[in-house]
1. Would you order Asp49, Asp31 from fewest to most other beta-carbon atoms within 10 Å of each residue's own beta-carbon?
2. Rounded to the nearest 500, what is the chain's calculated 222 nm mean residue ellipticity when only DSSP H runs of at least 4 contribute -39500 (n - 2.57) each, over all residues?
3. Could you work out how far helix 114-137 tilts from the main Cα principal axis of the chain, as a 0 to 90 degree angle to the nearest 10?
4. What list of ³J(HN,Hα) couplings, whole Hz, do you get for the stretch 67-76 from phi and the Karplus terms 6.51, -1.76, 1.60, once you set θ to phi - 60° and write x for glycine and proline?
5. Which shape class, rounded, prolate or oblate, goes with the stretch 7-110 when its Cα gyration tensor gives a ≥ b ≥ c as root eigenvalues, a/c under 1.5 marks rounded, and past that a/b bigger than b/c marks prolate?
6. What is the total of Lys pairs in the chain with C-alpha atoms under 29 Å apart, excluding same-chain pairs fewer than 8 positions apart?
7. From a point 7 Å beyond the Cα of Ala104 in the direction of its Cβ, which residues of the stretch 28-62 have a backbone N at a distance under 12 Å?
8. In percent, what relative contact order does the stretch 1-143 have, based on Cα pairs under 8 Å that are 6 or more apart in sequence?
Amino acid sequence: MAPSFPRRLVAELLEFARRHDLYLLSDECYDELVFEGKHVSPATMLSRDEFDDGRVISVYTFSKTYAMTGWRIGYLATGRQLMKTIVDVLNASYTNISTPIQRAAAAALTGPQECVTEMRQTYHRRRDLAVKLLKESGRYVYTPRGAFYVLVDVTNPEGTQRRGRQFALDLLRERNVAVAPGSGFGSVAEQFVRVSLAATDEEIERGVKEICAFADR
């Protein structure tokens, strides 16, 4: 569930799943990186019996909350019977995560959480910086409510849409600034590029300014 999903939309997705007898797989990797409001998990909208039925599967990762990218460890929450089935499948198809990584993950969960708060505040500040720069350049579209990315509209000054992939390649080649093309997130983001806020304030400021100047050519 994206941090920007309002509670109403989450409820609608849950009702759609109920109506059509579907499972709802909820990717909740940014549950601790929400800047405004609170993270809403569809599992919290279920009765105990509904949760035990396993129709909602909530998936979490240590990569974002604890900056453990590359450790490849996470966990999920769902009903007991479905959990047993998932464990049986994994036991037959997946080797175990190494003991040191499991212990590191346990330490992250049970240890002091000030680092999570500090990281969230840092990303919040960087989000505000990127939004401010986009507003100043006339390329502001929206304010992300969580995570650590922002999509930038790279439509040219005449209003013609650019292909984000080609823009990203040209930007890297000519300005040495790396972004992800928006097309990787669906056709609606074709004219966007995605900027990561996992950089210093100085790098974000330079990068956003370079992107906007390049898009204004």
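1. Fewest-to-most ranking of Asp49, Asp31: Asp49, Asp31.
2. One gets -14500 deg cm²/dmol as the mean residue ellipticity at 222 nm.
3. Long axis of 114-137 versus the principal axis of the chain: about 30 degrees.
4. 6, 9, 4, x, 7, 6, 9, x, 7, 9
5. In terms of gyration-tensor shape, oblate.
6. For the chain, qualifying lysine pairs total 9.
7. Residues 62 qualify, since their backbone N sits under 12 Å from the label point.
8. With pairs under 8 Å counted, the relative contact order is 19 percent.
Here, each number is a calculation from the coordinates, and none is a lab measurement. All of these numbers come straight from a predicted model, not from anything done at the bench. Positions of Cβ are backbone-derived with ideal geometry, glycine not excepted, and every protein chain shown enters the neighbour counts.
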